[in-house]
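The values are calculated or read from the model by the stated rules, or taken from the named source; none is laboratory data. Here the structure is a predicted model, which means the values were calculated and not measured. Positions of Cβ are backbone-derived with ideal geometry, glycine not excepted, and every protein chain shown enters the neighbour counts.
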Amino acid sequence: MSLFKIVVLGEGGVGKSALTIQYSQHFFVKEYDPTIESNYSKTVNLDDMVTVLDILDTAGQEEYSVMRSQYIRSGNGFVLVYAITSKDQILRVKDSDGYPVVICGNKADMEDAREVSKEDGQALAQKLNCPFFETSAKTRVNVEEAFNTLVRNMRANMDFIRQKEEEQNNMLDSPRRGKDDKKGSKRGSRVGVSKPTLGGVKCVLS
Ligand SMILES: Nc1nc2c(ncn2[C@@H]2O[C@H](COP(=O)(O)OP(=O)(O)OP(=O)(O)O)[C@@H](O)[C@H]2O)c(=O)[nH]1
Ligand SMILES: [Mg+2]
């Protein structure tokens, strides 16, 4: 049985929490309650294999953005979310290269308010070499498909993911610290920053 950490990223209000909760708990959260940081656990039995997912639902609001790189560092795979109803958000969901990623154009049920075409979403996904889904946390359309695709891609890249984790842990354990680090702080935001490339990632595109 394997365990993977998934980090859900995207602007405030695009539906990260709604998607995560729809996927892990099968209901739609109608209210908007901005997230600071939430963790969800889900055990999936997919393709006759059991995998435990630790899903980190991050804050999209700008005031919490300082935590973002820390969150990204902890992830094995990523769900990048934008809302099809908000054009400027697609432009910002681009800060990923490396590790298995899926892109979700969320709120697909709100066709009347669409500002981002499906083609633009697909073009972004192609550029990042990631699978792409238009999802709806409300109607559950493509929610399972998006997460399951990510799980399959994390499994396919298990060696890469574990190797990166090991590298990060080794860097955390390394005694190399700045001279001002009197208390032996591990320099949270600066350790383990290695930027993997998509080149090393096997990607199943649907
Ligand atoms: N119609 C519709 N509404 C959605 C969908 N996903 C989310 N919403 C609504 O959009 C609002 C914001 O959703 P959240 O999931 O809280 O957004 P978030 O991305 O987690 O926002 P932050 O936590 O601030 O980063 C809520 O009122 C949700 O009910 C969707 O697929 N369709
Ligand atoms: Mg949220």
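Filter region 130-147 for residues that are outside any strand (DSSP E or B) and acidic (D, E) and give the result. Talk me through it step by step, then tell me what you get.
Step one: of region 130-147, the residues outside any strand (DSSP E or B) are 130-131, 135-147.
Those that are outside any strand (DSSP E or B) and acidic (D, E): E144, E145.
Just so you know, in region 30-40 the residues that are surrounded by fewer than 16 Cβ atoms within 10 Å (Cβ to Cβ) and farther than 15 Å from G75 by Cβ include one that is nearest to the chain's Cα centre (by Cα), and it is I36.
Listed conditions (1) within 16 Å of ligand 2 (Cβ to nearest atom); (2) surrounded by 21 or more Cβ atoms within 10 Å (Cβ to Cβ); (3) over 26 Å from D120 (Cβ atoms) are all met by T58, apart from (3). Within region 37-58, the set of residues being modelled with pLDDT of 95 or more and under 18 Å from Y71 (Cα atoms) comprises S38, N39, Y40, S41, L53, D54, I55, L56, D57, T58.
Of the residues making up region 113-146, those that are among the hydrophobic types (A, V, I, L, M, F, W, C) and within 16 Å of ligand 2 (Cβ to nearest atom) are A137, V143.
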